[in-house]
Amino acid sequence: MKIYLNGKFVDKEDAKISVYDHGLLYGDGVFEGIRAYDGVVFKLKEHIDRLYDSAKSITLEIPMSKEEMEKIVIETLRVNNLKDAYIRLVVTRGVGDLGLDPRKCKTPTIFCITEPMNPLLGEDGIRVITASVRRLPVDVLNPAVKSLNYLNSVLAKIQANYAGVDEAFLLDAEGYVAEGTGDNIFVVKNGVIKTPPVSSSVLRGITRDTVIDLARELGYEVVEERLTLHELYVADEVFITGTAAEIVPVVEIDGRKINDGKIGEITKKLREKFKEVRTKLGTKIYE
Ligand code: PMP
């Protein structure tokens, strides 16, 4: 497997960065997780736009155009002869000294890892707990910025692990439902689909946006509004969305069964629709 690293393709064993890189020392950097399905990079432009927005928000200037960045993703997939893949695209502040001042970092570190990954969409629902650790408030470190600092999510995941369940949901600072450790949350009640707004400390997921569009195309009402845990507990259906997860039904939250522990009808319909469009919305790797 070849990895793109600062302008070169290198073997995995040789893909090394400095211990003085501020991406490592301070989590000072941004990234994207992207999928390719059957030779199409899913919503590549949207991912690149989000990467550049994250970078701008932390005043990290990426020294290339968005088009060049797209080419790096496509080229890495081509070099590795991949059609179905998970892609990790990372831009860090670069090498500096041991102080955290980003002005000492002259050149961003850029790398792109691609790994084979087959389409998932398994049928199994997951069990979830609410984490006691809250999602970062928007005025502390806005979750809309996909930064390398994922300790908030990692701590929530550790709680899920100790509880013996698959995932943890985080509340925002005010106690409203925010998101999972690497995914957005949706509920269905009486045929209406709801998801927390971006102001509730969530990343604007590319899958989230896709699911909102698909649901509306299917004729469902979709509302972005603040949700309480109570609304999750009594929902007809709950599911999560994310690049890696795609659309996954949630069958239990804090011990409360959702839809008798079975995947819901609307969740099922959205998964079918997503499966249908995932090879159509994006950029072709091989012309
Ligand atoms: N929230 C968080 C914290 C995430 O890490 C992710 C994964 N990128 C998501 C939501 C889902 O976003 P997307 O659909 O763009 O993968």
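Beta carbons closer than 9 Å, at least 6 apart along the sequence or on distinct chains, pair a first residue in the stretch 45-59 that is closer than 18 Å to Arg88 by Cβ and within 12 Å of the ligand (Cβ to nearest atom) with a second that is of a type in the set (Lys, Arg) and outside any helix (DSSP H, G or I) for Arg50/Lys146; Arg50/Arg204; Leu51/Lys146; Ser54/Lys146.
Taking strands (runs of 3 or more DSSP E) that fall entirely within the stretch 99-176, which contain at least 1 residues that are more than 28 Å from Asp53 (Cβ to Cβ)? Give the derivation first.
Details: elements: 109-116, 126-130, 167-171.
Per the criteria, 109-116, 126-130.
Within 16 Å of the chain's Cα centre (by Cα), more than 13 Å from the ligand (Cβ to nearest atom) and crowded, with 21+ Cβ neighbours inside 10 Å, is that true of Thr114?
yes
Restricting Asp28, Asp49, Asp38 to those that are of a type in the set (Asp, Glu), at pLDDT 95 or above and buried (at least 17 other Cβ atoms within 10 Å of the Cβ) reduces the list to Asp28. Exactly one residue among Lys106, Lys71 is over 30 Å from Phe274 (Cα atoms), free of Cβ contacts under 8 Å to residues at least 24 places away in the same chain and surrounded by fewer than 16 Cβ atoms within 10 Å (Cβ to Cβ), and that residue is Lys106.
Given the criteria more than 14 Å from the ligand (Cβ to nearest atom), surrounded by fewer than 20 Cβ atoms within 10 Å (Cβ to Cβ) and more than 30 Å from Leu141 (Cβ to Cβ), does Leu218 qualify? So Leu218 passes the test.
In the stretch 177-193, the residue that is surrounded by the most Cβ atoms within 10 Å (Cβ to Cβ) out of those that are within 16 Å of the ligand (Cβ to nearest atom) and not in a strand (DSSP E or B) is Asp183.
The values are calculated or read from the model by the stated rules, or taken from the named source; none is laboratory data. Predicted model only: the values in this text are computed from it and were never measured. Cβ atoms come from the backbone with ideal geometry, glycine included; neighbour counts cover every protein chain shown.
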